[in-house]
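Remarks on the structure that follows.
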Amino acid sequence: MSSSNQHLENVSRRRFLKTAGIVSGGLILGTTLPSVAPLWADESSSNELNLFVSIRVDGQVDIICHRSEMGQGIRTGIPQVIAEELCADWDRVNVVQGLADEAYGSQNTDGSRSIRRNYQRMREMGAAARTMLEQAAAKEWGVKPSQVYAENNFVKLRGSTRQLGFGELVKSAMTMTPPTTETLTFKSPKDFKLIGKPITSVDIHKVVGGTTEFGQDVRLPDMLYASIERTPVVGGTVESFDEKAAASVNGVVKVFNMPARPLPALFNPKAGVAVIASNTWAALQGRKQLNVKWNTGNNGAHNSEAYLDDLTSKITTKGKVIRKSGDAYLMAGRAAEKVSATYTMPYLVHAPMEPPAATAVFKDGKCEVWACTQTPQSAQQNVAGALEIDKENVTVHVTLLGGAFGRKSKPDYVVEAALLARETGKPVKVVWSREDDIQHGYYHAVSAQHFEAGLNSDNRVQSWIQRTAFPSISWTFDTRVDEPQGGELSLGFGDMPFDVGALSMESHKAPGHIRIGWIRSVSNIHHGFALGSFVDEIAVKAGKKPHAMWLELLANDRFVDPATEGFEYGNYGDPKEVFPIDTKRLKNVLNIVVEKSGADKSTAPNEAWGISVHRSFVSYVAVATKVSVVDGKVSILEMHSAIDAGTVVNPDRVRAQQEGSMIFGLSIALLGEISVKDGAVEQSNFHDYQVLRMPQTPKIETYIVESDAPPGGVGEPGVPPVAASVANAIYHASGQRIRDLPISKHLRVS
Amino acid sequence: MISFTLNDKPVSLDADPQMPLLWAIRDMLGLTGTKFGCGIAQCGACTVHMDGQPIRSCVMPLSAAADKKITTIEGISEDNSHPIQKAWVEHNVPQCGYCQSGQIMSAVALLESNKSPSDKAIDDYMQGNICRCGTYPRIKAAIKSAAGNFDLAKNVGGDA
Ligand code: FES
Ligand code: FES
């Protein structure tokens, strides 16, 4: 129903720009070649000024969003930036979702980098299009371009009332030579009308009316529905199944043994049997009759409890040194007091509200897919690989994503749809159930960490040992990898920012047995929990207030460079000159939450505050959480967070991400646990993989630091400090130190 | 053949009477505003109204809908003008939006049964609706402001 409209609006029917000129600075501008004239509903009225901007003769401004919308607000944020520099009227802006297309640059919507990596580029796109419109007006009036200026969808003549609308100018503007990056002029931030403003989400009216299209909602004529029974053990294969029983279910059209691929897991579909039917329910019913017998292979012996016991015992021994200063072991031997602690976290799964889904059509050697994917280009590549066709023959439409958190960066489900479309010759939608989502994920790694600090006679830290062990994401791509990789150690571990004297940072081996993936803030989840908890433990031992302890360890204002101590720090792929590890900004966000929340004030009995601060994705977040602990039951009463993410495009969406991150972090801290037995995930749905609900949600306050620093990440940095702030608060309220998550293993959660 | 009223229009379906109403609405009747989140009455994404009462359509067999009045998100207003929908826009509630149909259907039913719910009443009523993005604080705020508007509408109507 809603789909036909949405498909027409989709850029599939058109394609902004076809080459024609790449000018300096990576700015791609040009005009449409006649042979690839876009097929708009009303094609003659639409005119491309560049890859991201097209203007209709009636003045409507079509702006491409090339990143995936999963709740973070990017379909509003990217157009806000472009429209700002374009001087467009926001009410005339129409957002068009970009297809998978390498012309856009990376579309991989993860790593909290959509704004961070595109802010300047999108300003350039808007400014370039505006310049062409201004040139067109200047030509029309026979004046110099400097005598005209764009404002609110018009170009105006200085010192005159003359003006021309963008729609009137666009045909002429298209004939202008695209400007080079160096010649572009940008607005001064004080003149911003859109950037920095809490613009309402562009899709909100469709959302509240129920007419948006998510991956699960795609409907095509003659479409079939598929449900797949997959191997419970990674690397397992199908031994036998009852095809007849499944095929005899009313509505079932076909039963298909999915091709099994050897490990590494990559983004390949798992081995399994697909039941294809005329509706979802029939497919699910048929699937129940399959009675599949599996060969489980090597990973069938994996048991997460025993595995974590093993990590926990080896983490107390010396590991492979990844960053070092002085002789921490020698200094530890001379310490007046010692603090040591071991922390663990279980596997976690994303559980986005919308389970994965994808729809595909295969015809004449070409494949067209519609999917809730964070990574359309990788989906395109993987589909092409699986079908053994060129990626130019794969069209990927990105629907809205009903949450993602990293799960939908892995396009295994898109490949499934493509394979089944080829098999049936019909459009096929692969519908993942919640059970499929929880049992066939790419999991956050189970982990153990160990910390030891030596204090001198003044109760100051003089030695520091920290160790981490967890199976690596890289195992999913190469089964020989059996220890944390540099990229993962760069996430809240090797970048530890404290001034602690002698230090030794070490990692331990941990082979993989289930698909390991990235979940919102990735290894920062466990590293942030351990580090943030350990600071609090030192404070207790040293008899200091936690706030004072944090400030003491963060020490003087400085840029921390882990490279000087031998660790090649990734810094989220960004240059350390532009995005240094800045202790001043860490202290600032911490001071803000403590002051605003009153976390350093006394509380009622059985109640207490806990704090933590963490830098990730080049942004800085501090959290203060207030809890009560009564009769073995913990309640979260209040949470305050402060974020310094540099320049902010949409403060309301930043606020929303902070609120969401607090709640996501609480789910992890309080409830999150995936356990594995005989290689298979034991949980299956929201009754046994619980996530936070409304009654458990505290009052949440958010503070955004005003800054004109370059934009940092927003979607993920709120998560890492949460678990530590909660565990610290529980300790101060009850004297119980929780080092093994989730908290629900130790206390009732209400 | 099973007949019922869907958003004030009569519909008839020739389908497995055991098929959950959710799949009948989504796959056979083509209204996809009602979402699939868990299939076992744990998340509330599939909430619709049956004769005015909120139900989880993922566990309600089609046969139980016979001769009933079913309302989905698409049917609560013509133009997003329901006070709950307006409050949702005012508070910019949704993140990904996937849970929001169910949240809105629960919230509408809440305000129909309780014109000015307390925080506790909102918590109790809404606890069956999961939002993995974490929009609970805004949902709560939006319900409260919609409740205010309900009262206002009543006052303007002159029967206060
Ligand atoms: S889908 Fe019905 S309650 Fe979750
Ligand atoms: S808005 Fe995404 S699950 Fe609620």
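In deg cm²/dmol, rounded to 500, what helix-only [θ] at 222 nm does chain A give when every DSSP H run of at least 4 residues adds -39500 (n - 2.57) and the total is split over its residues? It would help to have the intermediate numbers written out before the result.
On the way: 18 runs with 203 residues, N = 750.
After summing the helix terms and dividing by residue count, I get -8500 deg cm²/dmol.
Chain B and chain A together bury an accessible surface of about 4600 square angstrom, both sides counted, with a 1.4 Å probe and no ligands or nucleic acids included.
For Cα pairs less than 8 Å apart in space and 6+ apart in sequence, what is the mean separation divided by the residue count of region A:119-277, i.e. the relative contact order in percent? Averaging sequence separation for qualifying contacts and normalising by length gives 17 percent for region A:119-277. Heavy-atom accessible area with a 1.4 Å probe sorts A:Tyr620, A:Tyr119, largest first, into A:Tyr119, A:Tyr620. DSSP H helices in chain B with Cα extent of 24 Å or more along the helix axis and mean Kyte-Doolittle hydropathy at least -1.0? Span-like helices, by this rule, are B:136-156. Ignoring everything but the protein chains, give the 1.4 Å probe accessible area of A:Asp310 in square angstrom, nearest 10. Spelled out: A:Asp310, probe radius 1.4 Å, area about 80 Å².
Quickly rank A:639-645, A:225-231 as a protection proxy: mean count of other C-beta atoms within 10 Å, highest first.
Working: A:639-645: 27.9, A:225-231: 25.0.
With the highest mean Cβ count within 10 Å placed first, the list reads A:639-645, A:225-231.
For the pair A:Thr564 and A:Asn295, label points projected 7 Å from Cα toward Cβ lie 5.7 nm apart.
Between A:Arg737 and A:Ser160, the simple label model (points 7 Å from Cα in the Cβ direction) yields a spacing of 7.7 nm. Averaging the Cα positions of each part gives two centres, and for region A:147-180 and region A:657-716 these lie 47 Å apart.
Rolling a 1.4 Å sphere over the protein heavy atoms, what is the accessible area per residue of region A:76-172, to the nearest Å²?
Using a 1.4 Å probe on heavy atoms only, each residue of region A:76-172 averages 37 Å².
Taking packing as the residue-averaged number of other Cβ atoms within 10 angstrom, the listed peptides A:676-682, A:399-405 run from highest to lowest as A:399-405, A:676-682. Entry note, chain A: relative contact order of 13 percent, from Cα contacts under 8 Å with a spacing of 6+ residues. Quick check: at a probe of 1.4 Å, how many percent of the accessible area of the protein assembly as shown sits on carbon and sulfur atoms? Carbon plus sulfur share of accessible area: 48 percent.
Here the label points at B:Thr5 and A:Lys144, each 7 Å from Cα along the C-beta direction, are separated by 7.2 nm in the simple model. The residues of region B:2-75 have, on average, 35 Å² of accessible surface per residue, using a 1.4 Å probe with all protein chains present.
Cross-link partners of A:Lys254 among lysines, defined as those whose alpha carbon lies under 17 angstrom from its own and excluding same-chain residues fewer than eight positions apart: A:Lys244, A:Lys288, A:Lys426, A:Lys429.
Determine the shielding of peptide A:698-708 by partner chains: average, over its residues, the number of Cβ atoms on other chains within 10 angstrom of each Cβ. Don't jump to the answer; show the numbers that get you there.
On the way: counts 2, 3, 4, 1, 1, 0, 0, 0, 0, 0, 0.
The mean count of partner-chain Cβ atoms within 10 Å per residue comes to 1.
The mean number of Cβ atoms from other chains found within 10 Å of a Cβ in peptide B:38-47 is 5, as a whole number.
Per residue, the accessible area of region A:562-662 comes to 33 Å², computed with a 1.4 Å probe over protein heavy atoms only. Shown for region A:642-658: residues covered by the partner protein chains by 40 Å² or more of accessible area relative to the chain by itself (probe radius 1.4 Å), namely A:Arg653. Take A:Ser248: with every protein chain present and a 1.4 Å probe, its accessible area is about 90 Å².
Taking R0 as 56 Å, what's the FRET efficiency between A:Ala336 and A:Lys190 from their Cβ-Cβ distance, rounded to 0.05?
Values: r = 54 Å, r/R0 = 0.97.
The formula returns an efficiency of 0.55 here.
Taking a straight Cα-Cα cut-off under 12 Å and skipping sequence neighbours fewer than 8 places away in the same chain, the aspartates and glutamates within cross-link reach of A:Lys318 are A:Glu452, A:Glu506.
Report, as an integer, the average count of C-beta atoms from other chains found within 10 Å of each Cβ along A:275-286.
Details: counts 0, 0, 1, 3, 8, 9, 12, 5, 2, 4, 3, 0.
Mean shielding count: 4.
Mind checking the alpha-carbon convex hull of the protein assembly as shown and giving the volume per residue in Å³? It would help to have the intermediate numbers written out before the result.
Details: hull volume 156.9 nm³, N = 910.
It comes to 172 Å³ per residue, whole-number rounded.
A quarter of the convex hull surface defined by the alpha-carbon atoms of chain B gives 9.4 nm² as the mean projection.
With 26 Å as the limit on Cα-Cα distance, the pairs of A:Lys576/A:Lys596; A:Lys587/B:Lys140; A:Lys338/A:Lys626; B:Lys35/B:Lys68; A:Lys270/A:Lys408; A:Lys410/A:Lys745 that go past it are A:Lys576/A:Lys596; A:Lys587/B:Lys140; A:Lys338/A:Lys626; A:Lys410/A:Lys745. Size of region B:2-75 from its Cα atoms: along the principal axes, largest to smallest, the extents are 28, 24, 20 Å.
The values are calculated or read from the model by the stated rules, or taken from the named source; none is laboratory data. This structure is a prediction, so every number in the text was calculated from the model and none was measured. Ideal geometry is used to build each Cβ from the backbone, glycine not excepted, and the neighbour counts take in all protein chains shown. Accessible surface is based on the protein model in full, side chains and every heavy atom, while ligands, DNA and RNA are left aside. Shrake-Rupley method; radii C 1.70, N 1.55, O 1.52, S 1.80 Å.
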